[in-house]
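The structure appears right after this line, and notes come after that.
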Amino acid sequence: VLLTIGSPHRVTHEKMAAEKQKFVSQLSALPPPRIAVLIGGNSKAHQMTEAVTRRLALQLQELRKKYQASLMITTSRRTGEENTRILRETLTGEHVYFWDGTGENPYFALLGYADHIIVTEDSVSMASEALATGKPVYTAPLEGGGKRHNLFHRLLQNQGYTRPFTGLLETWSYTPPNDTLKIADAIRQKMQIRDQ
């Protein structure tokens with residue numbers, strides 16, 4: 001049994017750099033601070049209600065205005081059409097990039113270009129991937145929750161990796177956890193022992 005902080009993933013600095021080049025025309029001109037917003041949605045543990053969506057959208061719009069920031073937003077299938085519509089109608093104006101779901105997915109490029117990352121709390125995977133960047137990561141609350149998810153987010157906050165999203169931008173540093181490499185190294189070591 002290998003205990004890890006987050007989930008294994010495919011995010012590396014090399015992959016982010018390569019993906020950034022694919023989206024230079026869409027993202028490079030956005031003025032900093034650039035904020036990647038990774039939005040999940042309904043799950044077994046969490047509900048992304050209309051009220052939650054409207055609150056998050058207004059917080060993001062105020063954040064953009066307050067810090068003269070750029071927003072780079074991507075949603076998922078779990079966000080739902082109605083919530084996506086609310087976000088699109090609210091988050092308008094200059095320096096807003098909202099992936100429309102067509103063409104190549106800019107997910108890794110958003111991570112690469114971001115100065116700050118906001119992740120909805122429903123997804124352990126998105127939080128783990130965001131932390132691989134070493135950039136400030138904020139978790140945006142949804143309704144509901146579950147024992148495992150709550151413990152995961154509490155652990156990340158207590159160890160200084162993430163902070164709750166409150167509508168403010170802060171800067172902090174940490175050594176990114178590299179659970180994928182940890183797992184790969186352990187597997188290689190076990191295979192070497194088996195082959196001896």
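The values are calculated or read from the model by the stated rules, or taken from the named source; none is laboratory data. This structure is a prediction, so every number in the text was calculated from the model and none was measured. For neighbour counting, all protein chains shown are included, and Cβ atoms are generated from backbone atoms with ideal geometry for every residue, glycine included. Surface accessibility is based on the protein's heavy atoms, side chains included, excluding ligands, DNA and RNA. Shrake-Rupley method; radii C 1.70, N 1.55, O 1.52, S 1.80 Å.
Computed values, structure above
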item	result
Which numbered condition residue 6 fails, given (1) within 19 Å of the chain's Cα centre (by Cα); (2) modelled with pLDDT under 95; (3) surrounded by fewer than 18 Cβ atoms within 10 Å (Cβ to Cβ)	(3)
Residue count, segment 86-97 (criterion: open to solvent by less than 10 Å² (accessible area, probe 1.4 Å) and either free of Cβ contacts under 8 Å to residues at least 12 places away in the same chain or farther than 20 Å from residue 43 by Cβ (or both))	1
All positions within segment 122-144 that are open to solvent by 30 Å² or more (accessible area, probe 1.4 Å) and not polar (S, T, N, Q)	124, 129, 135, 141, 143, 144
Hits in segment 129-155 - residues which are touching a Pro at 6+ places or on another chain (Cβ under 8 Å) and not in a strand (DSSP E or B)	131, 132, 133, 134, 141
Conditions (1) modelled with pLDDT of 95 or more; (2) surrounded by fewer than 18 Cβ atoms within 10 Å (Cβ to Cβ); (3) farther than 23 Å from residue 102 by Cα: number failed by residue 63	(2)
Test: residue 100 is of a type in the set (D, E, K, R), open to solvent by 20 Å² or more (accessible area, probe 1.4 Å) and without any contact (Cβ under 8 Å) to a residue 40 or more places away in the chain	yes
All helices (runs of 4 or more DSSP H) inside segment 1-102 with 1 or more residues being in contact with a Pro (Cβ under 9 Å, 6 or more places away or on another chain)	13-22, 24-27, 50-67
Looking only at segment 116-173, and only at residues there that are acidic (Asp, Glu) and touching a residue at least 60 places away in the same chain (Cβ under 8 Å), the one that is nearest to residue 64 (Cα to Cα)	121
Test: residue in segment 106-114 that is open to solvent by 40 Å² or more (accessible area, probe 1.4 Å) and out of contact with any His (no Cβ under 8 Å at 6 or more places or on another chain)	no
